[in-house]
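Heads up: the structure comes next, in structure tokens.
The values are calculated or read from the model by the stated rules, or taken from the named source; none is laboratory data. None of these values were measured; they are calculated from a predicted model. Glycine also receives a Cβ, built like all others from the backbone with ideal geometry; neighbour counts cover every protein chain displayed. What goes into the accessible areas is simple: the full protein's heavy atoms, side chains included, and nothing from ligands, DNA or RNA. Shrake-Rupley method; radii C 1.70, N 1.55, O 1.52, S 1.80 Å.
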Amino acid sequence: MKEILDIVYEASKKRMPLSKEEVLKIVEILININNIEVINEIHVIDRAELIFNKVTLGHYLNDKIYIYYSRIMCLVAGLNYKSEFEIENSLSIYETIFRINLFILFIIMHEIEHAIQEQITVSKEINTFENRLINLENDYLTFLGEEVLSDEKYNVIDGVYDMNILDFIRYKFAYHYDYKLYISNYEISYLERLADVNALSKILKMIEEIKNEIKSLYLLQENLLLDRRLQNYDNSKVSPTVEFFNNIYGPNSFDYSDMGDLSLDKRLDLGMPITGKEFYSKRKLLLPKGVKNEKNTRNNN
């Protein structure tokens with residue numbers, strides 16, 4: 001990550017947001033240091049668009065990664081990258097530019113994390129509890145609607161089902177049902193939580209060596225990570241991940257008996273059960289929040 005820090009640092013020192021070329025370079029470096037084999041195409045898209053409401057800023061799908069550079073720049077210009085933490089408005093000019101570049105880096109790293117998740121599933125690296133859950137959600141997305149199809153009609157050679165018109169109609173209904181169910185639970189998706197938390201954790205670790213130079217920004221980044229870890233825990237402290245898998249696979253269908261003895265931070269990373277005392281012990285560490293002037297329109301996939 002040192003090479004990436006150098007790129008972000010130099011751009012910030014020049015009071016400039018990361019360029020398209022620097023974004024592309026960062027994606028290439030991340031692919032290399034993470035030994036990612038599932039990405040075959042990189043697209044950094046810069047084109048004139050009218051931006052309304054939520055937009056996709058980055059996307060990883062079917063061996064391709066997309067970073068929508070022009071959209072990111074529009075959101076940055078409108079200050080829509082800013083969080084609700086009051087300290088956002090206390091950053092120096094240098095820290096503000098650095099904050100913008102870390103926001104851009106977060107978009108990139110979020111999509112890289114999805115590629116890492118895909119590689120774990122493809123390579124069947126499910127020897128840990130964390131990876132087992134990655135595989136569980138990816139399986140749901142891979143086999144949308146296929147529960148209504150007969151295994152006897154699966155063509156092993158072609159990798160497709162031999163369907164008559166009735167089978168096809170049943171499959172389409174089941175597919176759309178499964179997809180709508182997933183979208184309705186997207187807010188508590190395990191893969192999305194993990195992509196956010198891992199990206200924020202790696203960024204925080206990356207800037208640790210210069211934290212005395214950007215003290216307020218470092219503190220903000222710590223709080224962005226903690227805020228994301230606490231997200232989706234309701235007042236009863238229900239585990240968002242347990243709730244997510246129960247919602248998409250059926251009530252009480254999710255087994256986390258092999259979770260092991262995980263630390264509080266690790267359980268928060270994974271969205272696993274915590275106690276009320278643990279929740280409040282972490283929440284009290286958050287900085288004060290204010291009222292944002294703009295809606296946060298970040299929407300990653």
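Odds and ends about this structure:
- Inside the range 73-86, residues that are open to solvent by 30 Å² or more (accessible area, probe 1.4 Å), in contact (Cβ under 8 Å) with a residue 60 or more places away in the chain and either among the aliphatic types (A, V, I, L, M) or assigned to a helix (DSSP H, G or I) (or both) make up a count of 2.
- For the residues I97, I4, I104, I67, the requirement of being assigned to a strand (DSSP E or B) and at pLDDT 95 or above singles out I67.
- Filtering I126, I112 for residues that are at pLDDT below 95, within 20 Å of the chain's Cα centre (by Cα) and aliphatic (A, V, I, L, M) leaves a single hit, I126.
- Residues that are at pLDDT 95 or above and of a type in the set (D, E, K, R) were ranked within the range 18-40; the one that is surrounded by the most Cβ atoms within 10 Å (Cβ to Cβ) is E22.
- Number of residues in the range 133-151 that are without any contact (Cβ under 8 Å) to a residue 24 or more places away in the chain and surrounded by 14 or more Cβ atoms within 10 Å (Cβ to Cβ): the value is 2.
- Residue among D139, D178 that is at pLDDT below 95, touching a Ser or Thr at 6+ places or on another chain (Cβ under 8 Å) and in a helix (DSSP H, G or I): D139
- Within the range 3-17, the set of residues being open to solvent by less than 60 Å² (accessible area, probe 1.4 Å), of a type outside the set (V, I, T) and within 20 Å of E208 (Cα to Cα) comprises L5, Y9, A11, S12.
- Subset of the range 10-43 [more than 19 Å from A195 (Cβ to Cβ), in contact with a Phe, Trp or Tyr (Cβ under 8 Å, 6 or more places away or on another chain) and not in a loop (DSSP other than H, G, I, E, B)]: S12, K13, K20
- As a summary of the residue check, N212 satisfies the conditions (1) open to solvent by 20 Å² or more (accessible area, probe 1.4 Å); (2) more than 18 Å from L194 (Cα to Cα); (3) in a helix (DSSP H, G or I) except for the one numbered (3).
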